[in-house]
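Structure first, commentary second.
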Amino acid sequence: MTADAKAKAGLEDVVATSSRICYLDGDQGVLAYCGHDIHDLARHATFEETCYLLWHARLPTRAELGDLQSQLAAARVLPEAILRLMKMLPSSDGMDALRTLTSALGHYDPEASDASAQASYRKAVRLTGQLASLVATWGRMQQGGGPVAPDPAMGHAASFLYMLTGERPDPTAVRAMDVALTLHADHELNASTFAARVAAATLTDIHSAVVAGIGTLKGPLHGGANAEVMKMLIDIGEDAPPERIDAYVRGKLARKEKIPGFGHRVYNTEDPRATHLRQMSKALGQQAGSTAWFDMSERIEAIVKAEKKLYPNVDFYSASTYYTMGIAIDLYTPIFAVSRISGWTAHILEQYANNRLIRPRADYTGPAYPQAWVGVEGR
Ligand SMILES: CC(C)(COP(=O)(O)OP(=O)(O)OC[C@H]1O[C@@H](n2cnc3c(N)ncnc32)[C@H](O)[C@@H]1OP(=O)(O)O)[C@@H](O)C(=O)NCCC(=O)NCCS
């Protein structure tokens, strides 16, 4: 593939729409939601404040935040039919389950056929509450536990951990989850958000557009990378000596294999989200009494930087962060969706509000036109 064809194939640097939601400067490593720098949000915001910001383009007042918290808490109670369906699913892949169950939620939504802006917004809130419960309950069932009813007094991050483990989470874990959810909430026209917007631009319903996003997030070049990172760290081995880490990574690079969690289409510098996840991975490791996964991750980062001039992306340090929190690897990408549902729905609502069908063109490279028709007996 020529460089030009490669860029075209990936729609590299193509501006496909205008949006008020996410500001991204890949050269300076800047990410901001509606003008608010991601570093400020990671330090100060809760996920609920972040959701409000993405949906309304401004931070909420105390009363508005309280209202949203109540709406999300109500939405975290899953329909009984969805819990029954969850038990029936044969697949043990968390993203497959999430895709099917999110689609099924559309059947039980009281406003499924109402496409008004007000109903679409309420569905965005509902889906955000529901996805957290879906993933937490699914994760718990995979470990042999039964569903845990949400506690409406808890915030979104705390409730997620509570429904996943059945235990009241400690404040450090809650804050780590809150920050992780905030960091993953939106990222401009990433592949899954673009997929969701393309779907929404046909004026299909919000559940269908979100399912398009979930299916796209699953891929290892996108959200699936965080699970791949942890599988790689485990493959290297928690007690691996430095030589083994080096040989493993250099071997992969020599075979032209990609190192999961590195590289980015937009950033030519450190992904600002990785900065916070690196700190979290280290702090949680120290609290747990072992920084082995963090140390290994730092060593891999140094090699990949030196050899390929590639920086870690959001998925690299989220892997060791979640692992140290005791979260099953199969839930890493679904947790990405628990957060990104806020960005997907913000973009879907924006698309609905100012819609035009998204329908690009392709360079035709097939057999020359026109081909003569040959009947089946003559082929
Ligand atoms: C994110 C990603 C898909 C961006 O893809 P892209 O913009 O199309 O970039 P390319 O895949 O064309 O990579 C450009 C070059 O960097 C190399 N490269 C990119 N990411 C790499 C990685 N993680 N490990 C090793 N090499 C990598 C490619 O091999 C290619 O090298 P070449 O020019 O010598 O062929 C890509 O970096 C990747 O696959 N990363 C690993 C998966 C991942 O972490 N995804 C999560 C993204 S948030």
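Run the simple label-point estimate for Gln286 and Met88 please: 7 Å along Cα→C-beta, distance reported in nm.
Result: 5.0 nm between the two label points.
Suppose R0 equals 56 Å; then what is the FRET efficiency for Thr269 and Ala372 from their Cβ-Cβ distance, rounded to the nearest 0.05?
With a Förster radius of 56 Å, E is 0.55.
Note down the nm distance, to one decimal, between modelled labels 7 Å out along Cα→Cβ at Val30 and at Lys8.
3.3
Per the helix-only calculation at 222 nm, which mean residue ellipticity applies to the chain, given -39500 (n - 2.57) for every DSSP H run of n ≥ 4 and division by its residues, nearest 500 deg cm²/dmol?
On the way: 17 runs with 225 residues, N = 379.
Here the helix-only value at 222 nm equals -19000 deg cm²/dmol.
How much length would be gained if the chain were fully extended between Leu221 and Ala353, taking 0.36 nm per residue of separation minus their Cα-Cα distance, in nm to one decimal?
Answer, rounded to one decimal: 44.5 nm.
For Ala254 and Tyr23 in one chain, what is 0.36 nm times their gap in residues minus the Cα-Cα distance, to one decimal in nm?
Computed gain between Ala254 and Tyr23 is 79.6 nm.
How large is the Rg to Rh ratio of the stretch 225-324 when both quantities use alpha carbon positions and Rh follows Kirkwood? Please list the in-between numbers first.
Working: Rg = 12.5 Å, Rh = 13.3 Å.
With Rh from the inverse mean 1/r over Cα pairs, Rg/Rh is 0.94.
Report the Rg/Rh value for the chain, based on alpha-carbon coordinates and the Kirkwood definition of Rh.
0.99
Please go through the residue pairs Lys231/Lys305; Lys256/Lys282; Lys231/Lys252; Lys218/Lys305 and name each one whose alpha carbons sit more than 24 Å apart in this structure.
Lys256/Lys282; Lys218/Lys305
First select every other residue whose beta carbon is under 15 angstrom from the beta carbon of Leu65; then total the charges, Lys and Arg +1, Asp and Glu -1.
-3
Name the chymotrypsin sites (Phe, Trp or Tyr not before Pro) in the stretch 281-379 that are in a loop by DSSP and that have at most 15 other C-beta atoms within 10 Å, would you? Write out the running numbers ahead of the final one.
Values: sites: Trp293, Phe294, Phe316, Tyr317, Tyr322, Tyr323, Tyr332, Phe336, Trp344, Tyr352, Tyr364, Trp373; in loops: Tyr364, Trp373.
Counting only loop positions with at most 15 other Cβ atoms within 10 Å, the chymotrypsin sites (Phe, Trp or Tyr not before Pro) in the stretch 281-379 are Tyr364, Trp373.
Let's test the formula: R0 of 41 Å, r as the Cβ-Cβ distance of Ile234 and Glu167. What FRET efficiency results, to the nearest 0.05?
0.95
Using a Förster distance of 45 angstrom, determine the FRET efficiency expected from the C-beta separation of Ala153 and Tyr364, and round it to 0.05.
Numbers: r = 59 Å, r/R0 = 1.32.
Calculated value: 0.15.
When only DSSP loop residues count, what trypsin sites (Lys or Arg not before Pro) in the stretch 1-46 have their Cβ near at most 15 other Cβ atoms within 10 Å?
Those satisfying the criteria are Arg20.
Run the simple label-point estimate for Leu203 and His39 please: 7 Å along Cα→C-beta, distance reported in nm.
Once both label points are built, they end up 4.5 nm from each other.
Read-outs throughout are calculated quantities, based only on the coordinates presented, and are distinct from any laboratory measurement. Only a predicted model underlies this, so the values are computations on that prediction, with no experimental measurement involved. Using ideal geometry, Cβ is built from the backbone for each residue, glycine included, and neighbour counts are taken over all protein chains shown.
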